[in-house]
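A quick write-up on the structure given underneath.
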Amino acid sequence: MSIRLSSGKEIPIEMHKARMVQKISLIPVDERLKAIGEAGYNTFLLKTKDIFLDMLTDSGVNAMSDNQFAAMIKTDDAYAGSMTFYEFADAVEDVLGYKHVMNTHQGRAAEHLLAKVFIKSGDVVPTNYHFTTTRAHIELAGAQVLEIYYDEALKTESTNPFKGCIDPQKLKNVIEKYSKDKVAFVRLEATTNLIGGQPFSMKNMKEIRQICSENGLMLVLDGSLICENAYLISQREKGYENKTVAEIVKEMCGIVDLFYMSGRKNTSVRGGCIATNNKELFDKIRPWLPVYEGFYTYGGMSMREVGAMAVGVREMVDPSVAGCAVEQIKYFVNRLAETGIPVVTPPGGLACHLDAMKFLPHIPQSQYPAGALAAALYIASGIRSMERGTISVDRDKEGKEIMADIELTRIALPRRVYTVSHMEYAIDRINWLYKHRDLVKGLKFVFEPPVLRFFDGRLEAVANWGKDVTEAFKKEIGNC
Ligand code: F0G
């Protein structure tokens, strides 16, 4: 939610109060330089004791509600037939409108099962944009991801309210080129993660549904961030101004054949699920659940998390939950844009994204500007962000580097965790870094894993630039 002050200024406002907190600390810049060096200039490899604001992700790090904690205590622990699972299934039916649901231990486990059951070698999967784990599972199954967004999607600075749409003409072209037999399914990702949390419109969703129906294709929704997409539809799409997030979410779910999500985001727990009203599709997946995840009534999750997820599914469509990150991101992005920082616009869900190629135009893409910016931001502030650029794209089969479409440094806003003063601190340090951007140079790999290299890869700073940023910071701001 946001609130208008008497001055006319709008600020995000927390519709919750903190009743349990975790102490955080800010280690001096000297120690931050040491920590990022030990982490191989990869923010994934930092330890949380060295992190001030952990804005790496919104996944599995949101604040749960009092009712979610209460549900965890009341959980019915059983290997099979737990009533907690049936409470979760009821919540899914009430909120998402699906009769059939199974848990998975997280979102990528759902992707694994879908790839196993629905993808054959040589297939294609058209999508608005891939997510890293989605692409890995599709490619491991021998298929190819085809991104069929409108060209505007890759323009980081834009006023287009729905950069996450699929271009319907491109979908028709794919069907013609590859034939519908080769299209495993069409995938829509709500608030497309890797292009800056950008939503698609309901109008677009319906157009894509129409094309899928005409061609007998299955439409799959990755709803990991469905509530943010619905919240943005209510704010931006004509005809939806007076609809609630709950109504929009249900309408979105009714359009697709199959839904899956990482529960680590919207529901603030550590798990995932697959849901549908199509029993035939469900029954194709179901036999594999106990093989890879666990028995049907827990699917690899702890029962306590299933209990918290049952509550989380109901709470996630409350506008104060669905809009919590969106309003903070709007504030964050607008304040940075005002000060001339190259940031992805319009603001979306999930995070504030810096355009690293514009922030650090002197660093060639082969030296990973978004990774360098994430490391530099950590040195200058203790804030942990995430590289979402070329490091996040694995090499091709011949070992050739694939340059990312855009180089983003993602500063995520976990739900109900950080406040406006935290964002003001981040804005200040990002501005300081922007003034000293010439000091930041590129990165090079010293250890590179063969798959999803961004998680565990180690890099070093070209010409040891981390030291130069640290010295400048100490001179101007101090060893703080
Ligand atoms: N799909 C989307 C759109 C996601 O954002 C994620 C995870 C997944 C699938 C995989 O789900 O992590 O539960 O296995 N995104 C996290 C992130 C990791 O930081 O953006 P998972």
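The values are calculated or read from the model by the stated rules, or taken from the named source; none is laboratory data. Since this is a predicted model, take the numbers as computed values, not measurements. Backbone-built Cβ (ideal geometry, glycine too); neighbour counts: all protein chains shown. Keep in mind that these areas ignore ligands, DNA and RNA; they rest on the heavy atoms of the full protein, side chains included. Shrake-Rupley method; radii C 1.70, N 1.55, O 1.52, S 1.80 Å.
Can you tell which of ASN193, GLY107, PRO168 lies farthest toward the positive end of the dipole of the chain, using +1 and -1 charges on the Cβ of basic and acidic side chains (Lys, Arg; Asp, Glu)?
ASN193
Over the chain, what is the relative contact order in whole percent, taking alpha-carbon pairs under 8 Å and six or more residues apart? The partial results should precede the final answer.
Numbers: 1032 pairs, mean separation 108.7, N = 480.
Averaging sequence separation for qualifying contacts and normalising by length gives 23 percent for the chain.
Measuring from label point to label point, each 7 Å out along Cα→Cβ, what is the THR48 to LYS99 span in nm?
4.2
Considering only the other residues whose Cβ falls under 14 Å of the Cβ of LEU281, what net charge follows from Lys and Arg at +1 and Asp and Glu at -1?
Working: positive: LYS99, LYS116, LYS279, LYS284, ARG286; negative: ASP257, GLU280, ASP283.
Neighbour charge sum, excluding LEU281 itself: +2.
Can you give me the relative contact order of the stretch 66-318 as a percent, contacts being Cα pairs under 8 Å and 6 or more apart?
31
Based on the inverse mean of 1/r over its pairs of different Cα atoms, what is the Kirkwood hydrodynamic radius of the stretch 66-318, in Å?
On the way: mean 1/r = 0.0548 Å⁻¹.
Radius from the Kirkwood sum: 18.2 Å.
Could you pull out the pairs from LYS17/LYS265; LYS47/LYS444; LYS330/LYS467; LYS163/LYS243 whose alpha carbons sit more than 24 Å apart here? Don't skip to the end; give the middle numbers.
On the way: LYS17/LYS265 20 Å; LYS47/LYS444 21 Å; LYS330/LYS467 33 Å; LYS163/LYS243 21 Å.
As for pairs spanning more than 24 Å Cα to Cα, those are LYS330/LYS467.
Count the net charge of all other residues whose Cβ sits under 13 Å from the Cβ of ILE363, scoring Lys and Arg as +1 and Asp and Glu as -1.
Values: positive: LYS358, ARG437, LYS441, LYS444; negative: ASP355, GLU387, GLU407, ASP438.
Value of the local net charge: 0.
Compute the angle between helix 226-236 and the longest alpha-carbon principal axis of the chain, please, reported from 0 to 90 degrees and rounded to the nearest 10.
80
Within the stretch 208-243, find all residues whose amide N lies under 11 Å from a label point positioned 7 Å from the Cα of LYS180 along Cα-to-beta-carbon.
211-218
Given 10 °C and 1.306 mPa s, how large is the Stokes-Einstein diffusion coefficient of the chain in µm²/s, with Rh as the Kirkwood radius over Cα pairs?
Numbers: Rh = 22.9 Å.
The Stokes-Einstein estimate is 69 µm²/s.
Roughly how big is the chain's charge dipole about its Cα centre, with Cβ charges of +1 (Lys, Arg) and -1 (Asp, Glu), in debye to the nearest 20? Please report the intermediate quantities before stating the final value.
Values: 59 positive and 60 negative charges, 83 e Å.
The dipole magnitude comes to about 400 debye.
How big is the stretch 55-124 in terms of Cα radius of gyration and Dmax, in angstroms?
In Å, with Rg to one decimal and Dmax whole: 15.9, 48.
How long is the gain from GLU338 to HIS436 if the chain were fully straight, where each residue apart is worth 0.36 nm and the alpha carbon distance is subtracted? Walk me through the intermediate numbers first.
Working: separation 98, 0.36 × 98 = 35.28 nm, distance 1.83 nm.
Separation in residues times 0.36 nm, less the Cα-Cα distance, equals 33.4 nm.
So for the pair LYS279, SER6, with labels modelled 7 Å out along Cα→Cβ, what separation do we get in nm?
Roughly 6.3 nm, to one decimal.
Mind grabbing the accessible area of SER179 for me, 1.4 Å probe, Å², rounded to tens?
Here the residue's solvent-accessible area equals roughly 50 Å².
Once you keep just the Cα pairs under 8 angstrom separated by 6 or more residues, what percentage relative contact order results for the stretch 148-271?
Numbers: 181 pairs, mean separation 28.7, N = 124.
In percent, rounded to a whole number, it is 23.
Only loop residues by DSSP count here, and only those with at most 16 other Cβ atoms within 10 Å; note down the GluC sites (Glu not before Pro) in the stretch 353-461 that meet that. Intermediate values should be presented prior to the final figure.
Values: sites: GLU387, GLU398, GLU401, GLU407, GLU424, GLU460; in loops: GLU398, GLU401, GLU407.
Loop-located and lightly packed - GLU398, GLU401.
Among ALA91, ALA143, MET316, which residue has its Cα positioned farthest towards the positive end of the charge dipole of the stretch 66-318, with +1 placed on the Cβ of Lys and Arg, -1 on the Cβ of Asp and Glu, and the dipole taken about the Cα centre?
ALA143
Using just the helices of the chain, give the 222 nm mean residue ellipticity in deg cm²/dmol: DSSP H runs with n ≥ 4 each add -39,500 (n - 2.57), and the total is spread over all residues, rounded to 500.
Counting only the DSSP helices, I get -12000 deg cm²/dmol.
Distances longer than 27 Å among the Cα atoms of the stretch 1-145: what percent of all pairs is that?
Considering the stretch 1-145, 56 percent of its Cα-Cα pairs are separated by more than 27 Å.
Sorted by accessible area (1.4 Å probe), largest first, how do ASP283, ASP50 line up? Before the final figure, lay out the partial values.
On the way: ASP283 65, ASP50 25 Å².
Ranked from most to least accessible, the order is ASP283, ASP50.
Would you give the gap between the C-alpha center of the stretch 1-56 and the C-alpha center of the stretch 217-262, rounded to a whole Å?
Result: 29 Å between the Cα centres.
At 1.4 Å probe radius, can you tell me the per residue accessible area of the stretch 66-318 in Å²?
Details: 9730 Å² over 253 residues.
So the stretch 66-318 comes to 38 Å² accessible per residue, rounded to a whole number.
Roughly how much of ASP66 is accessible, in Å² to the nearest 10, using a 1.4 Å probe?
Result for ASP66: roughly 90 Å² accessible.
DSSP beta bridges in the stretch 66-318, what fraction antiparallel, as a percent rounded to 5?
Roughly 50 percent of the beta bridges in the stretch 66-318 run antiparallel, per DSSP.
Along Cα→Cβ, 7 Å out, is where each label goes; now give me the distance between the ones at SER121 and GLU207 in nm to one decimal.
Placing both labels 7 Å beyond Cα along the Cβ direction yields 3.7 nm.
Once the Cα atoms of helix 202-215 and of the chain are each reduced to a long axis, what angle between those two axes, in degrees from 0 to 90 to the nearest 10, is obtained?
Tilt relative to the chain: about 50 degrees.
So how strong a dipole does the stretch 66-318 carry about its Cα centre when Lys and Arg Cβ are +1 and Asp and Glu Cβ are -1, to the nearest 20 debye?
Once rounded to the nearest 20, the dipole reads 480 debye.
On a 1.4 Å probe surface of the protein chains, which of PHE455, PHE88 comes out largest in accessible area, and what is the full order? Walk me through the numbers before you get to the answer.
Details: PHE455 70, PHE88 0 Å².
If we order PHE455, PHE88 from most to least accessible, we get PHE455, PHE88.
Answer with one residue from GLY272, TYR260, VAL220: the one whose Cα lies farthest towards the positive end of the charge dipole of the stretch 196-281, charges on Cβ with Lys, Arg +1 and Asp, Glu -1.
Highest projection toward the positive end goes to GLY272.
What do you get for trypsin sites (Lys or Arg not before Pro) in the stretch 363-471 restricted to DSSP loop and a cutoff of at most 14 other Cβ within 10 Å of the site's Cβ? All intermediate terms of the calculation are to be shown ahead of the outcome.
Values: sites: ARG384, ARG388, ARG395, LYS397, LYS400, ARG410, ARG415, ARG416, ARG429, LYS435, ARG437, LYS441, LYS444, ARG453, ARG458, LYS467; in loops: ARG395, LYS397, LYS400, ARG415, ARG416, LYS441.
Within the stretch 363-471, the qualifying trypsin sites (Lys or Arg not before Pro) (loop, at most 14 other Cβ atoms within 10 Å) are ARG395, LYS397, LYS400.
Charges only on Cβ, +1 for Lys and Arg, -1 for Asp and Glu: so what's the dipole of the stretch 141-180 about the Cα centre, in debye to the nearest 20?
Numbers: 6 positive and 6 negative charges, 41 e Å.
Around 200 debye, computed over the stretch 141-180.
From Cα coordinates alone, what are the radius of gyration and Dmax values for the stretch 216-285 in angstrom?
Rg then Dmax for the stretch 216-285, in Å: 13.2, 39.
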